[in-house]
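Asks: What follows is a single structure, and I will ask about it in a moment.
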Amino acid sequence: MKWRALIFLLAIPAFCLGFGDGVREHSLREAAQASGILIGTAVRPAQLSEAAYASTLAREFNMLEPEDVLKWEVVHPERESFDFSQGDQIVDFATRHGMKVRGHTLVWHQQNPKWLTEGKYTSSELAQILEKHIKTVVGHYRGKIFAWDVVNEAFDELRPGKLRSTLWLNQPGIGLAASGSSYIERCFRWAHEADPQALLVYNEAGAEVVNPKSDAIYAMVRDFRQRGVPIDGVGFQMHIENLRADVASISANIKRFTALGVQVHITEMDVALPVDPNGNPRPEDLQQQADIYREVANACLSHPGCTAIQTWGFTDKYSWIGSHSKHTQGAALLFDRSYAAKPAYAALRDVLTTGRR
Ligand code: G3I
């Protein structure tokens, strides 16, 4: 009898804390524990002082990534100076809340400072600048940032399968333009020297499905793996528009990449909806959006090598979609502008709760 009374007494506080049936649902990060998958989101440091933003972030996610503040224009504002203040703020938040941090991004053709883009540097000067940038930034966060998007969006939008013409490849490039993806290889090697423990990822847009762009990335990653270039993962951004997602092709793509021995991260998921002038979507679109989140998350969880699902922000209050679509699109994330969970949230949590099959 005594032990029964003891169990009853222990159950009362547990129930009051919300672990009883129907009292409190698991958060995303709690639901993710079963499968061990990382569930993350992009973060803007200016919002961390907003109580609802910070508490939702800490409660729901076990991983985060600075949305903009580790990009060159913020972190490397002048040739000889680096500014880690905003990145450090985010890393500090993550540490306090037991979250992992992804780094974004070391090499991109956008959000670069004028001193760099207008500096008229020679290829050898650019190579030195890039090596120093990668080693300084990765070195600063050594042991704190577990995974880096080393190179972002290096393949062209309009010329399927071709590398994009950029400052880094051939405008004028770091001196390796004649040998295709060699400049990317060099960047991975520099990042690895700066932090041999970090997971090094190639991140891309529009390569989620099997298509000429993902074919080209696949060939590059296979080549890198065969030659021992330190690449550990591929990031598929997953910015979905027009409520269209070919999930069978996404799944086949994840399968072939993970078969190369690299991890796949879904790095920037959002599902943009048409919105009225007040920013409101149609209710039926919210349901379809939820189905897309569910199906994409299922595709990830059905491949053991797909180890992270990250959304590009979490509240519709702060999403890049609005300002980048003249506010005709929006409502792309898991929480609305008042931090209320949307159908997409419940769908994602269901998948995480079920775990890997
Ligand atoms: O820094 C200035 C600030 O000084 C100024 O007051 C403000 C006024 O609009 O603009 C600020 O710059 C903005 C910058 O983000 C930093 O917040 C730019 O206008 C804005 O265009 C820029 O947008 C970012 C975009 O990358 C740049 O292309 C978005 O926030 C960010 O979500 C987006 O993220 C990219 C990923 O890095 C790569 N994959 C695609 C993804 C979506 O485009």
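Asks: Among (1) surrounded by 16 or more Cβ atoms within 10 Å (Cβ to Cβ); (2) touching a Lys or Arg at 6+ places or on another chain (Cβ under 9 Å); (3) part of a loop (DSSP other than H, G, I, E, B), which single condition is Gly161 missing?
Replies: Condition not satisfied by Gly161: (1).
Asks: Restricting attention to the stretch 61-73, and to residues there that are outside any loop (DSSP other than H, G, I, E, B) and farther than 11 Å from Val137 by Cβ, which single residue is nearest to the ligand (Cβ to nearest atom)? First the steps, then the outcome.
Replies: Of all residues in the stretch 61-73, those outside any loop (DSSP other than H, G, I, E, B) come to 63-66, 72-73.
Among the residues that remain, those that are also farther than 11 Å from Val137 by Cβ are: 63-66, 73.
Working: Met63: 16, Leu64: 14, Glu65: 9, Pro66: 10, Glu73: 7 Å.
Restricting to residues being outside any loop (DSSP other than H, G, I, E, B) and farther than 11 Å from Val137 by Cβ, the top hit is Glu73.
Asks: Scan the stretch 306-341 for residues that are within 12 Å of the ligand (Cβ to nearest atom) and over 22 Å from Pro277 (Cα atoms) and jot them down.
Replies: Step one: of the stretch 306-341, the residues within 12 Å of the ligand (Cβ to nearest atom) are 310-313, 318-325, 332-333.
Passing the criteria: Gln310, Thr311, Trp312.
Asks: Here's a follow-up. Against the definition (in contact (Cβ under 8 Å) with a residue 24 or more places away in the chain, touching a strand residue (DSSP E or B) at 6+ places or on another chain (Cβ under 8 Å) and within 16 Å of the ligand (Cβ to nearest atom)), how does His303 come out, yes or no? Steps first, answer last, please.
Replies: Working: in contact (Cβ under 8 Å) with a residue 24 or more places away in the chain: yes; touching a strand residue (DSSP E or B) at 6+ places or on another chain (Cβ under 8 Å): yes; within 16 Å of the ligand (Cβ to nearest atom): no.
Criteria not met by His303.
Asks: Cβ contacts < 8 Å: first residue farther than 14 Å from Ala147 by Cα, restricted to the stretch 176-199; second residue buried (at least 20 other Cβ atoms within 10 Å of the Cβ) and acidic (Asp, Glu), any location; separation 6+ or different chain. Result?
Replies: none
Asks: For residues in the stretch 170-195 being closer than 19 Å to Val264 by Cα and not hydrophobic (A, V, I, L, M, F, W, C), which is most open to solvent (accessible area, probe 1.4 Å)?
Replies: Result: His192.
Asks: In the stretch 110-130, how many are open to solvent by 60 Å² or more (accessible area, probe 1.4 Å) and under 26 Å from Ile90 (Cα atoms)? Give the steps one after another, and end with the answer.
Replies: Here is the first cut: in the stretch 110-130, the residues open to solvent by 60 Å² or more (accessible area, probe 1.4 Å) are 110, 114, 117-118, 120, 122, 124-125, 128.
After this cut, where a residue has to be under 26 Å from Ile90 (Cα atoms) as well, the list is 110, 114.
Summing the residues that are open to solvent by 60 Å² or more (accessible area, probe 1.4 Å) and under 26 Å from Ile90 (Cα atoms) in the stretch 110-130 gives 2.
Asks: Turning to a different aspect of this structure: Just to be sure, is Leu243 within 24 Å of Leu334 (Cα to Cα), of a type in the set (A, V, I, L, M, F, W, C) and not in a strand (DSSP E or B)?
Replies: Numbers: within 24 Å of Leu334 (Cα to Cα): yes; of a type in the set (A, V, I, L, M, F, W, C): yes; not in a strand (DSSP E or B): yes.
For Leu243, the condition - within 24 Å of Leu334 (Cα to Cα), of a type in the set (A, V, I, L, M, F, W, C) and not in a strand (DSSP E or B) - is met.
The values are calculated or read from the model by the stated rules, or taken from the named source; none is laboratory data. Bear in mind the structure is a predicted one, so any value in this text is a computation, not a measurement. Here the Cβ is made from the backbone with ideal geometry for all residues, glycine too, and neighbour counts use every protein chain on show. Accessible surface is based on the protein model in full, side chains and every heavy atom, while ligands, DNA and RNA are left aside. Shrake-Rupley method; radii C 1.70, N 1.55, O 1.52, S 1.80 Å.
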